[in-house]
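Structure, as structure tokens:
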Amino acid sequence: MNENKKVFTTNFGGKDVSIETGRMAKQTDASVLVTSGRTQVLVTVCSATTVKDGQDFFPLLVEYTEKFYAAGKFLGGFMKREGRPSTQETLNARLIDRPIRPLFPNGYMFDTVVSATVLSYGKEGDPEVLAGIGAGAALTISDIPFAGPIATCKVGRIDGKLVINPDYDQWEKSDMEIAVAGSKDAIMMVEGEAHIVPDQEVLDAINYGHDEIKKFCEFVEGIRKEVGKEKRPFESAAANETMMKRVTDLYSGDARACLNIVDKMERQKATKDLMAKVKEDMGNDLAAWGLTENHSTGNESYKAVDELLYNMMRADILDEEKRIGGRRLDEVRKIETEVDILKTPHGSSLFTRGETQVMAAVTIGGSVGEKMNDRIVGQSYDKFYLHYNFPPYSVGEARGVRGVGRRELGHGNLAERAVKAVMPDNFSYTTRVVCEVLESNGSSSMGSVCSASMALHDAGVPLKAPVAGIAMGLVSDGDRFKVLTDILGDEDHLGDMDFKVAGTADGVTAIQMDIKITGLTREIVNTAMKQATEGRLHILNEMAKTISTERKEFKDGVPKIVSFNIDKDKIGALIGPGGKNIKKLQEDFQVDMEIDEDGTVRVVGIDAQLIQECVDLAKMQINGPEVGAEYKAKVATIKEYGAFVDIVPGVGGLVHVSEFADERVSDPNEYVSEGDMIDIKVVEIDKMGRLKLSAKAVKPLTKKS
């Protein structure tokens, strides 16, 4: 019996959730085992006690790992050991990271790792939520400086009723999935998707989730009082007061000149020149800047100039509502749109908003393009997916591409969720959208939503409605706040919030909010949502000037799909021994054939005539010809009493000489030759399955000259 073990239990959204401390991973700064139903997640936190030389940013790493043993499963594929994080694990790690990051004190530069491991999984407990809960609880009870407690939940709406943390199987019935993280006083993070739900109803869901979070934070506060450690002291690495007074006195004019430059690249160059100037000044007199030989003038000059620009830009907005470039607070930058810009892809577009530009390309095809997901919750296949690429050249950086990072996965997931909601129901095709960011200065993910929507219309995909997205910013001094529409990169960097909303003219399809302060009031969130709606409608109107509905026909080269159904017990007959029959059909007609377990057969190809011929043959092989139906048949052999013909290979019958023509026929060879194609009608099918065929019932044959 472990004497240090303590278990704390509360009801969270109608389910019991317990947090255990003192038993597992005791060499960490703190660890908790969070349990709900049969799902258990171990969350540990460790933070270094020394800072690396030259460290100038907060090195926080959040890991989320799903162990397949947790669900009593083996990994699919060749590798049987968990390796690099899957896309979903990475996205879940980001969901944990984003709300906790702002709650570490300014200037905290110690390596910190939060690790969540799913040890047991049952469908009645959401491991992603438990991991977020555990991260907030572990940091709160640890000695690591952290302004907790915070908690996380997911909000669904089933049959019109809001539900906290639904079971896995319940999500299919929900028309929204909104993850919310917050403290007792404010909302910290929002991320989710909705099936074109009105903006106010999404806000209601966010607030509903936050109300539940408040109660859970009180529960965690009780745990902290009983088992929490005293927070460790630390020396902040933030810019010192002496340095800030000197840079403000000497270089405010230079900083103002930087902020007055509208072009992003020119403004960046001017800012770098200012940093170099300050660095040189620091090196000439360290003491005057409050520095010692131990300080790096490169790092300190960056901190000083960044803080100066931060203070000036925020004062401009709060005091004068003045933005970089002179835009109004609710003004969207100039938008330019094009479609059909690429020769071969099935659909393409170019969306430019200010200095942000995204090109989208669409590929349409059969199930061979489906994306498989193998997780502890089970395997699934996506017929629609979106990939987002952010090459370094999009921000003028001279470095190569080094794979897909967490940021790209996160932004691509948000854009995918935004567009997925407007994809047509029962669409036979697998659809892939790739968004290439060509220029970036403010929300390329929302630019991707707009570009993807237009490219899908260009490809002929019948979307339920066009969809667009916009990013909102915030500047607040605690008493006042201003919400900014369509933020620039600098406004994101120097501001307090990045609030992205995507949707149609009728409602929201995706939402994401990240903040850098200790939380947002409901007044701020409501204002941001209202402004975002106005901006989204403006962008949709601009997009509609180029394209607002799908092309009526697919472009050349787009595969065509024809579907039909067969009885499930006849699937084997269509496939044939060892797949012999279906392989021959695919080779003969240059198509791909896909068969579902319910008997749905899809024939995919480029040539419509060959597809139809394949469909006709497959149906004939399975169902046989119909009495009274007319077909074209090929003369196989000729006898003195008639001709044997094949309607399709393996299916045919005899056309008796009496069914050749209206006159009496003595020699069938006078009317047909082997290999001829003739029109026939099925007159009868006897008990043995033999066909009685007639040519004259369609068109009497005539003697060859």
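Derivation of every value follows stated rules applied to the coordinates shown; laboratory data play no part. Everything numeric in this text was worked out from a predicted model, so none of it was measured. Glycine also receives a Cβ, built like all others from the backbone with ideal geometry; neighbour counts cover every protein chain displayed.
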Whole-Å distance linking the alpha carbon centroid of segment 444-503 with that of segment 531-589 is 29 Å
At a Förster radius of 41 Å, what calculated FRET efficiency corresponds to the Cβ-Cβ distance of R328 and D185, to the nearest 0.05? 0.85
Can you return the lysines within cross-link range of K26? Criterion is Cα-Cα under 17 Å, with same-chain partners fewer than 8 residues away left out. K5, K6, K229
Classify segment 117-251 as rounded, prolate or oblate, taking a ≥ b ≥ c as the square roots of the eigenvalues of its Cα gyration tensor: rounded when a/c is under 1.5, otherwise prolate if a/b is larger than b/c and oblate if not. oblate
Given all pairs of different Cα atoms, what value in angstroms does the Kirkwood hydrodynamic radius of segment 641-705 take? 12.0 Å
To test your reading of the geometry: what angle, between 0 and 90 degrees and rounded to tens, separates the Cα axis of helix 297-320 from the longest principal axis of the chain? 80 degrees
Going Cα to Cα from K269, which lysines come in below 18 Å? Please leave out same-chain ones fewer than 8 positions away. K277, K279, K303
First select every other residue whose beta carbon is under 13 angstrom from the beta carbon of R23; then total the charges, Lys and Arg +1, Asp and Glu -1. +1
Excluding Y251 itself, what net charge comes from residues whose Cβ is under 11 Å from its Cβ, given Lys and Arg +1 and Asp and Glu -1? 0
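Tell me, what is the percent relative contact order of the chain, built from C-alpha pairs under 8 Å that lie six or more residues apart?
Rounded, it is 10 percent for the chain.
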Can you tell me the length gained on complete extension of the stretch A544 to D588, counting 0.36 nm per residue apart and subtracting the Cα distance? 11.4 nm
Long pairs among K560/K634; K73/K371; K15/K52; K580/K696; K272/K530, criterion Cα-Cα beyond 32 Å: K15/K52; K580/K696; K272/K530
What shape does the chain have by the C-alpha gyration tensor, where a ≥ b ≥ c are the square roots of the eigenvalues, rounded means a/c under 1.5, and otherwise prolate means a/b greater than b/c and oblate the rest? prolate
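May I ask you to compute the full-extension gain from E523 to T292, defined as 0.36 nm times their residue separation minus their alpha-carbon distance, rounded to one decimal in nm?
Gain on extension, E523 to T292, equals 78.7 nm.
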For the pair K570 and A636, the simple spin-label estimate (label points 7 Å beyond Cα toward Cβ) gives in nm 1.9 nm
A chain fully extended from F58 to R256 at 0.36 nm per residue, minus the present Cα-Cα distance, gains in nm 68.5 nm
Cβ-derived FRET efficiency at R0 22 Å, S18 paired with Y69, nearest 0.05: 0.55
Which value, in Å³ per residue, describes the convex hull spanned by the Cα atoms of segment 6-227? 141 Å³
Where Lys and Arg each count +1 and Asp and Glu each count -1, what net charge lies around Y429 among other residues with Cβ under 11 Å from its Cβ? +3
Phi-derived 3J(HN,Hα) across segment 502-511 with the Karplus relation (6.51, -1.76, 1.60, θ = phi - 60°), rounded Hz, x for Gly and Pro, is 10, x, 9, 5, 9, x, 8, 10, 7, 8
Out of the GluC sites (Glu not before Pro) in segment 625-705, which ones are loop residues according to DSSP with at most 15 other C-beta atoms within 10 Å? E626, E640, E663, E674
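Tell me the mean residue ellipticity at 222 nm calculated for the chain from its helices only (DSSP H runs of n ≥ 4, each -39500 (n - 2.57), averaged over every residue, nearest 500).
Taken over the chain, the calculation gives -10000 deg cm²/dmol.
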Within segment 59-156, list the chymotrypsin sites (Phe, Trp or Tyr not before Pro) lying in a DSSP loop whose Cβ has at most 16 other Cβ atoms in a 10 Å radius. F74, F78
Pair A315, E221: separation of 7 Å Cα→Cβ label points (nm): 3.6 nm
If the reach is capped at under 13 angstrom between alpha carbons, list the aspartates and glutamates near K173, excluding any in the same chain fewer than eight residues apart. D159
Ranked from highest to lowest mean number of other Cβ atoms within 10 Å per residue, what is the order of the peptides 149-155, 605-611? 149-155, 605-611
Loop-located GluC sites (Glu not before Pro) in segment 524-600 whose Cβ has at most 14 other Cβ within 10 Å (DSSP): E553, E597
